[in-house]
Amino acid sequence: MRVLVLGAGVVGMATAYYLWRDGHEVTVVDRQGGPGLEASYGNAGGLCPSFAGPWAAPGMVAKALRLSLTPRSPIRFRPQPDLHQWTWLARWVANCNVESFRRNKLRMQRVAHYSLACLRTLVDEAGLDGFDFHSDGVLQLFRTPEELELGRLSARALEELGIAWRLLNAGEVDALEPALAQRSAPIAGALHLPSDASGDSHKFSKALHQHLVARGVRFLFDTPVHAIEHEAAAITGVQAGPQRLVADAYVVALGSFAPRLLRPLGIRLPVYPLKGYSITVPVQDDGPDFQTALMDEHNKVMISRLGGRVRAAGMGELGGYDLSTDPEQRDMLVNVVREFFPVGLDFDRVETWAGLRPMTPDGPPVLGRTHWPNLFLNSGHGSNGWTQACGTSRIVADILAGRSPAIDMDGLTGERFGIASA
Ligand SMILES: Cc1cc2nc3c(=O)[nH]c(=O)nc-3n(C[C@H](O)[C@H](O)[C@H](O)COP(=O)(O)OP(=O)(O)OC[C@H]3O[C@@H](n4cnc5c(N)ncnc54)[C@H](O)[C@@H]3O)c2cc1C
C-alpha cells in the first residue's frame, strides 16, 4: 500500500519506520528542511514512562491560576481570542479530579511502558545509534523533606503499577551519581527509577531518516501541507507545496498543528500547544560526567546528559503558537543547572530553544482510525511524545494493517472525544 505520513517529527519518523517494516511504500512530507526540527528538536530528552501522567491533576486549576499570577513563574496562561484554546481549557479543567487523573494516568502508563520497550527493540532491529541514548534510569530529586514525603507517596502508586523504584537519601544520591557532589542545590532525597532512560529525539529522528532513506522511504522536506483533499467516502490526496500527493492511506503526525488540517475534514481534534523551553550547554573537558537523567522536582526541570552537552527543559505556557524565547525562562534554567553543576559547563555558549507540546486535555494521545477509512491519527503526544513515539507508531501501523495492537486501546483513540472511526 502507498502510505503518506504527514509530519517528520519523532512521531512521524517512527511511524514511517513501522510502516516501512510492514512492507508499505512510504512517503513522509514535512515543511521543515529535515526531520525532528519542531517539538522533537530540543526537548528534555527523557524517556520516562515512570513519570508519564497527565497535567490535568487534582488541585492543578488552583495551582496553575496561582502560579500564572506569580512573577517569573514556570507556568503561564496567556488568554487568546481563540475558541479552540477555551474549549480545550474547559475539557482540561473537567479532567482535574481524582477519578479522571487516575484513569488517564493508567492509560498513559500503559502506552508509555509499551513504547519504551518498542524503542529498545527498534534500536536493536535497526542497529540505530548516535542519539546519545543513556539507559541508566532517572533520579527524581527532592529539595525539601515535604517534597520527599510526596515522593514517598508517589512511589507507592508506582508500586501498584509494578514499576521498579528505590527511595534514596542524600548520601545515596551522591554515591549513585558522584557528579552531583559539587552541587549547591539542597537535596533531601530522591526517587531512583532504574527502568527509565534518556536520549536525543532530534538525533534519533536523523538516524532513523538515514536508515529509512537507504531502504527506499521517500522524504519531501521544505514542503508545507496546505490541505487534505477528499471525496464523499475517502481522502483522495494532499496539497503539499506546489504538488498534489496521492496515496492509499494517510497518517497525520503533525504535532500541535494537526487540528488545523483536520478541521476542514470534520474532525475536531482537541490538541493545543503548551509551550516549553530548554537550554543546551556544552560540557567542558573536565565537566560533569553524569549518566542518570535528573528531574528537579522543585522546579519541574529535567536535566539530561546528551553526549557532550547538558540539556535542561521545563516550563508550561498555554498561550498559542508563538515560539519566541524568553530571557527570564532561559536564566531560570541556567540557574537550576548551575546549582547542580557549578563547574565544567560552558555557560557562555548556551543554546536556548522553545517548543510546543501537542497536548490533549486529558493526557493520552489520539491514535488510529477516523471516520475517513483511509485517514489515521498519531497525534496529541503532549509532554511525553519522545517517550511514546515508538509504541504509538507501532500501534498505528498495526491498526492500518488490520492487526490488533499489542496493548489495550481503551482511552487511546479519538472515540473519547467523539471522533468517529470508520
Ligand atoms: C520543553 C519541552 C520538553 C519536553 N521534554 C520531553 C521529555 O523529556 N520526554 C518526552 O517524552 N517528551 C518531551 N517533550 C514532548 C515531545 O517533545 C513532544 O511530545 C514530541 O516531540 C511530539 O512529537 P511530534 O512528532 O508529534 O511533533 P513535532 O516534533 O512537532 O512534529 C510535527 C511535525 O509536523 C510538521 N508540520 C506541522 N505542520 C505542518 C504542515 N502544515 N505541513 C508540513 N509539515 C508540518 C512540523 O514541521 C514537524 O516536523 C517535551 C516538549 C517540550 C516542548
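The values are calculated or read from the model by the stated rules, or taken from the named source; none is laboratory data. All values reported here derive from a predicted model rather than from experimental measurement. Quick reminder, even Gly has a Cβ in these numbers, built from the backbone with ideal geometry, and neighbours come from all protein chains shown. What goes into the accessible areas is simple: the full protein's heavy atoms, side chains included, and nothing from ligands, DNA or RNA. Shrake-Rupley method; radii C 1.70, N 1.55, O 1.52, S 1.80 Å.
For the range 107-134, residues that are touching a Gly at 6+ places or on another chain (Cβ under 6 Å) and among the basic types (Lys, Arg) total 1.
Residues in the range 155-186 that are open to solvent by 20 Å² or more (accessible area, probe 1.4 Å), in a loop (DSSP other than H, G, I, E, B) and not charged (D, E, K, R): how many? I'd like the intermediate steps shown before the answer.
Within the range 155-186, the subset open to solvent by 20 Å² or more (accessible area, probe 1.4 Å) is 156-157, 159-162, 164-167, 169-172, 174-176, 178-179, 181-184, 186.
Within this subset, residues satisfying the condition of being in a loop (DSSP other than H, G, I, E, B) are 161-162, 164-165, 183-184, 186.
Subset that is not charged (D, E, K, R): 161-162, 164-165, 184, 186.
The number of residues fulfilling the criteria is 6.
Scanning the range 198-207 for residues that are more than 10 Å from the ligand (Cβ to nearest atom) and buried (at least 24 other Cβ atoms within 10 Å of the Cβ) turns up ASP200, PHE204.
Just checking, does the range 381-401 include any residue being more than 23 Å from LEU208 (Cβ to Cβ) and either in contact (Cβ under 8 Å) with a residue 24 or more places away in the chain or surrounded by fewer than 24 Cβ atoms within 10 Å (Cβ to Cβ) (or both)?
Checked against the condition, which is being more than 23 Å from LEU208 (Cβ to Cβ) and either in contact (Cβ under 8 Å) with a residue 24 or more places away in the chain or surrounded by fewer than 24 Cβ atoms within 10 Å (Cβ to Cβ) (or both), the range 381-401 yields no hits at all.
Restricting the range 262-279 to residues that are more than 17 Å from the chain's Cα centre (by Cα) and buried (at least 19 other Cβ atoms within 10 Å of the Cβ), the residue that is nearest to LEU6 (Cα to Cα) is LEU262. Any idea which residue in the range 302-325 is nearest to ILE279 (Cα to Cα), counting only those that are out of contact with any helix residue (DSSP H, G or I) (no Cβ under 9 Å at 6 or more places or on another chain) and assigned to a loop (DSSP other than H, G, I, E, B)? Checked the range 302-325; the qualifying residue nearest to ILE279 (Cα to Cα) is THR325.
Within 29 Å of PRO194 (Cα to Cα) and modelled with pLDDT of 95 or more: which single residue out of ALA293, ALA247, ALA258, ALA253 fits that description? Step by step, each of ALA293, ALA247, ALA258, ALA253 is checked, and only ALA293 is within 29 Å of PRO194 (Cα to Cα) and modelled with pLDDT of 95 or more.
Residue pairs whose Cβ atoms lie under 8 Å apart, sitting 6 or more positions apart in sequence or on different chains, and linking a residue in the range 84-95 that is of a type in the set (S, T, N, Q) to a partner that is open to solvent by 30 Å² or more (accessible area, probe 1.4 Å) and in a helix (DSSP H, G or I), are ASN95/PHE101. For the range 302-311, the criterion of being open to solvent by 40 Å² or more (accessible area, probe 1.4 Å), under 26 Å from PRO178 (Cα atoms) and touching a Pro at 6+ places or on another chain (Cβ under 8 Å) is satisfied by at least one residue. For the range 346-367, the candidate set comprises residues that are out of contact with any Pro (no Cβ under 7 Å at 6 or more places or on another chain) and over 30 Å from ASP408 (Cβ atoms); within that set, the residue that is surrounded by the fewest Cβ atoms within 10 Å (Cβ to Cβ) is ASP348.
Consider the range 1-53. How many of its residues are within 12 Å of the ligand (Cβ to nearest atom), polar (S, T, N, Q) and either farther than 20 Å from MET108 by Cβ or surrounded by fewer than 24 Cβ atoms within 10 Å (Cβ to Cβ) (or both)? So the count comes out to 1. Residues in the range 171-202 that are out of contact with any helix residue (DSSP H, G or I) (no Cβ under 8 Å at 6 or more places or on another chain) and free of Cβ contacts under 8 Å to residues at least 40 places away in the same chain: 4 in all. The residue that is nearest to the chain's Cα centre (by Cα), counting only those in the range 311-329 that are within 16 Å of LEU69 (Cβ to Cβ) and charged (D, E, K, R), is GLU317. Restricting ALA94, ALA112, ALA126, ALA90 to those that are in contact with a helix residue (DSSP H, G or I) (Cβ under 7 Å, 6 or more places away or on another chain), surrounded by fewer than 17 Cβ atoms within 10 Å (Cβ to Cβ) and at pLDDT 95 or above reduces the list to ALA126.
The single residue among GLU172, GLU146 that is modelled with pLDDT under 95 and either touching an Asp or Glu at 6+ places or on another chain (Cβ under 9 Å) or among the acidic types (Asp, Glu) (or both) turns out to be GLU146.
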